[in-house]
1. With N denoting the number of residues in segment 106-215, provide Rg(C-alpha) divided by 2.2 N^0.38 Å, to two decimal places.
2. Among GLY167, THR124, GLN206, whose Cα lies farthest out toward the positive end of the dipole of segment 109-215, if unit charges sit on the beta carbon of Lys, Arg (+1) and Asp, Glu (-1)?
3. Hey, which aspartates and glutamates would be in cross-link range of LYS171, C-alpha to C-alpha under 17 Å, not counting anything within fewer than 8 residues on its own chain?
4. I need the semi-axes of the equivalent ellipsoid of segment 167-215: take the C-alpha gyration tensor, multiply each eigenvalue by 5, square-root it, list largest first in whole angstrom.
5. Describe numerically, in nm with one decimal, the distance between label points set 7 Å from Cα along Cα→Cβ at ARG92 and at VAL187.
6. Along segment 122-134, what does the Karplus equation 6.51 cos²θ - 1.76 cosθ + 1.60 (θ = phi - 60°) give for ³J(HN,Hα), rounded to whole Hz, x for Gly and Pro?
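Each reported figure results from applying straightforward, stated rules to the coordinates on display, with no laboratory input. Just so it is clear, the structure is predicted and the values come from calculations on it, not from any experiment. Please note: Cβ atoms are built from the backbone with ideal geometry, for glycine as well, and neighbour counts cover all protein chains shown.
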Amino acid sequence: HQVSQGKLRDMQRMVDARKQEVHEKVALADILQERLLDRQEEIEKLQRQVDLNTAASNAEAELARVQVQLAETQAEAAKHEAKVDELMQLLRDHSNLSCQVSKINDIVHECTSKYENEAHKVATLEKELAERQKDFAEQKAFLEGEIVKLKETLEKERERAKTRIKGLEVKQDSLNQNVEAERKMRVAFQEQCETAQATTAKVVEQNANQMMEIE
């Protein structure tokens, strides 16, 4: 922005210099116009002299030269006027550019503010993420410790279960042996009962036969 202000001042100085040149050319034209009037007065005086034709011819030539010089000066002044107009347009364009630069600076400032706000938000989120990661690590370590404890407890319970299963298997074998022995005893008792019944039947039959014989 400071560079743009410097260019603006340089262009203003150029415009002022061109204006000064134009004023000088106009002043020179005025001087030449005065000279032309003076020459015309001299021509009038020369016309009153004896060698009127020669003097008039010289004065006309001088007048033509002055008129040509005046035309050149006016053309040069017109060029300078056009240059001044061009410089003034450049000055207006530069002013517009300065306004655009100011707007761009405002936009840059706004974007910078937004970036700083977003950076602050990101820093806050990163802090929260770090805290959550720390909490997660602590919870993970606690859970891993609990898992180790549970595995140890499970292993102990498994060993106890194996011991209990072995005890139950021994008891099952013993019960099976007792059931088998009881079954054998029942079979033997059944056989004894059947033998006793058969014996009783024979005795009853023999007693009946004896009673019949006695009768």
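1. Working: Rg = 45.2 Å, N = 110, 2.2 N^0.38 = 13.1 Å.
Computed over Cα atoms of segment 106-215, the ratio equals 3.44.
2. Positive-most Cα among the choices belongs to THR124.
3. Qualifying aspartates and glutamates at Cα under 17 Å: GLU180, GLU182.
4. On the way: eigenvalues 424, 4, 3 Å².
Those come to 46, 4, 4 Å.
5. 13.3 nm
6. Calculated HN-Hα couplings, in order: 4, 4, 4, 5, 5, 5, 4, 4, 4, 5, 5, 4, 5 Hz.
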